[in-house]
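For reference, the structure is listed below as structure tokens.
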Amino acid sequence: MKKLISVLLCVAVLIATCATGVTAYEVEEGSEISDYPVIIVPGYSGATLYVGDSFETGEKIWGLNMDLILERVLARIVDLGIGLGALTIGNAEIIAGTLGEEINVMFEKMRCNPDGTSAYDVKRKYVTAQESNSAYMLEHMTDTDDRHEQEIAAAIAEYVGIENIYNFTSDFRMGPEICAGMLHEFIQDVKKETGKDKVNIFCLSHGGQVTATYLNLYGHLGDVDNAVLTIPAIGGAGILYDAFNAEIDFDEECLIRFIEHGTMTEEDYNWLVKAQQLGFVDNILEALIPKIFPTLGYWGSLWDFCPTEKYEELKKRLLDPVESAALIEKSDRFHYEILPVMGEKLQKCIDDYGMNISIISGTGNRIVTGLMENSDGIITTNASTGAYCAPLGERFADGYVQKNPCGGKNKISPDMDIDASTAYLPDNTWFVDGLFHGMTFKDYYTASLLLTTLLTDNITDVYSDPEYPQFRDTSNPSHGVYAQFNTADPGILDGDATSLIISNCCLKNNVKLEAIHVDGLDLDFDLERVTLAPGESVEVSFTGTVPDVSKKVFSITVYYTMGTVSPLGYRTQNYMVVNGGAVDYEGGTVSAQAKTPFDNVIGDGLAKLLKNLGLYELLSMIYTMIYYRIVPIFGFIAK
């Protein structure tokens, strides 16, 4: 029953959130817009690959064809049914075998040999600047799906024109160094096509790793003006380790939050499936990975996705040192020659060659396949940015001292779980807590930051514009509300603050503020149960003393209702006190979990038991509603 409920909830989320509002993303009025052409370097999904003499007569081998997938599923429906039946008694081998056979057939032409070379003569559909130009593609091509990141591209086109947008594709299987060479050649073609001496680059995910590698190897040529790397896989992807290791602990609650974030839904479903984990999905994936490894396991890009600290372990176990010698040599070069100097080379591009390079990363999420590290759901924050992170669910203890001095500039996140002093680019990396992979345009802040850094020279580092601080929480509508003190950067409380500004992040729903709970600081908020329309804000004054210290972390939870599936929504944000000398750092890490009113009465042991049983969220919600609504009626004061 738990499995069925969880699956139905996932489907319900997708159906309920098909129609979402659209937010206008804008560059600050009066900004001087760059006239350089924009090259979009996508993730894995951006390439169209084929085998044959030409795309028209050849076989398309990458670019999902849903009709073909449905056809193959229907053809194997009996086998899948038998597999599902076996799955009910814990046998995942049958269904994994059926799925493995189908995946191996569908992606046979994508197969690489053990040495990393392609088993077939694979070609890219679009290679030249002319045929990959968005305006040309719209006019001459019937398949417009090959234009990358169309929502973002449309916003970029509002400023530079669609004729100035180019869509780079690569044979991504080959690894970032080879793809970087392809990008170098493409940039030369775009420069020749447009008559410009430089280009601007927007990239994401695997495209971020390719672009970073390109800048590392070719940045000295000075062909780039602005480069914006969003949720980049510079140092690899945690999800790859989980897959290659065949130890999957699929996090359904994280997946649903991922879906909510991507569809910008304002209903909160994820609390319903906490602890209702679909173990059978883990079993299928764990049984499936070894069956498809011969087809997909020798892609160079996958091995370069492997985080360095996990690389040797997997290489020793999965690659034959003789058969895969050439693949190992290329991946060793990436891990031990290119990646270790990434920060140095990127900083040189800024300092010596006049480029603006910006990295926008997501934080605060678990890897959806189970790796317990701070991430955007797919790529660990450390791999994406080079920043040093506390273990997921923990934070550095109050008073933590950053690893590198960075000229006296603070590089510690307000919730004290990220130390950006070790980042590839400490002054050019933005961290957005709660932002999921590929969701940069699902948040007004990150979308505006992307457009501004890509199309103008207004922002050269994280200190250029107070509207774009280095650390910020996402304001995606799925989070309901967003709270910030009135006198400081997001996540900061100083001695001058007099109120908390609470905003409704939703695009369509009104939000009724119910209560504010503080953990770790003695503050009382004078909250009336006010209703906020979408985009509306209210200032809530507070009483209490802000201590004369700095580097002390506390949390605020705002409870709200909006008349949807969630009886009582809430959002917890962490803040750092910056109001005097730093408190003494006693070393180590502490739990980052904020205490709720429910926690204060049940204790840690019972809370852990209820979470394991899947009852914690429901009981906590019921208790909180009683605590803030019923108790005050009888004259008690809720603290």
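All of the numbers you see were taken from the coordinates with simple rules; none came from a lab. Since we're looking at a predicted model, the values are computed, not measured. Note that we place each Cβ from the backbone using ideal geometry, even for glycine, and neighbour counts take in every protein chain shown.
Quick check on packing: order 513-522, 208-217, 307-316, 323-332 by the mean number of other C-beta atoms within 10 Å, highest mean leading. The partial results should precede the final answer.
On the way: 513-522: 18.7, 208-217: 27.3, 307-316: 15.3, 323-332: 16.9.
My ranking of the peptides, most packed first, is 208-217, 513-522, 323-332, 307-316.
Towards the positive end of the charge dipole of segment 480-589, with charges on Cβ (+1 Lys, Arg; -1 Asp, Glu), say which of Thr545, Ala515, Ser555 has the farthest Cα.
Result: Ala515, furthest along the dipole toward the positive end.
If packing is taken as the average number of other Cβ atoms within 10 Å across a peptide's residues, how do 377-390, 445-458, 27-40 rank, most packed first? List each step's numbers first, then the result.
Values: 377-390: 26.0, 445-458: 22.7, 27-40: 17.0.
Highest to lowest by the protection proxy: 377-390, 445-458, 27-40.
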